[in-house]
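All of the numbers you see were taken from the coordinates with simple rules; none came from a lab. None of these values were measured; they are calculated from a predicted model. Ideal geometry is used to build each Cβ from the backbone, glycine not excepted, and the neighbour counts take in all protein chains shown.
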């Protein structure tokens, strides 16, 4: 089973959220519901980037690396080209 590391962007605010999950579709739905504590303030969220990994350990390592970036917008611009 694959694990996804993902980046969401708030459509209304200049905010990003980075996370990892086994079920990306379900997780995005959760972030756009009132059940998600931090992300409910900045709804709606759209998926702007994701990567797949074979293990949760790999996904967690990548999530940590992405969260340590100083400028996530620049990272996304470089990925799109």
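List of remarks:
- Per-residue Cβ neighbour rank within 10 angstrom, fewest leading, 39, 21, 64: 64, 21, 39
- Helix-only [θ]222 nm of the chain, DSSP H runs n ≥ 4, -39500 (n - 2.57) each, per residue, nearest 500: -10500 deg cm²/dmol
- Inter-label distance, nm, simple model (7 Å from Cα along the C-beta direction), residue 37/residue 56: 1.9 nm
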